[in-house]
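Below: one structure, written as structure tokens.
Derivation of every value follows stated rules applied to the coordinates shown; laboratory data play no part. Predicted, not measured: the structure shown is a model, and the values here were computed from it.
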Amino acid sequence: MSKRKIFYIVFFSVLVIGFFVTMSFLIPGFAKPTLPPIGYVAPYSFTNQDGETVSEKDTEGKVVAAEFFFTTCKGICPKMNNNMRLVYDKYKNEDDFLILSHTSDPGTDSAARLKQYADSMGVDTKRWVFLTGRKDSLYSMARHSYKIDDPKNHVKNVDDDFLHSQFIALVNKKGEVVRIYDALKQSEIKEMINAIPKLLKETADE
């Protein structure tokens, strides 16, 4: 290979590299491979612990950690919410972050019961919101929006159906589920805590 060919190869290689470096500074996310979202938050309407209606419009432009539990659970739920408190304690003063805890037992967990539960935890329900509603709507959110239920857990009769999930969906400001975490593993809780600042810096338009 002649020196001229080598020169041109090196020259154009430097140009290409320079172009990508420049564009990465000018356009956030340029040349960075991104994985498709796991799920998308569909429109919903639930009732919070204060009897107020909460919809997807209330979480627009916010980073959300969404989970499902029930107040009478003696198994995984206490450990889940003890671990979730680590997230709450870290970001309880962050206006653009919310925890949404949906009940998977709305027949028992009325708004008043969720209020008692929230009070027993001593958390600010403007940051950690507890939700109840129609069972089919709650379960649809878990399965189709947040993607945190085992697909084998479906039964034909919604009255016989029961959702028991240990997973947390992390949602960005655009309403996209970006990752699922195991709430029983503190190592994954720490990973989520470390992932949240990046999402908080993003805008809903990015």
So, relative contact order of segment 39-201 in percent, Cα under 8 Å, 6 or more apart, is 33
Heads up, segment 50-183 by the C-alpha gyration tensor (a ≥ b ≥ c square roots of eigenvalues; a/c under 1.5 rounded, else a/b over b/c prolate, else oblate) looks rounded
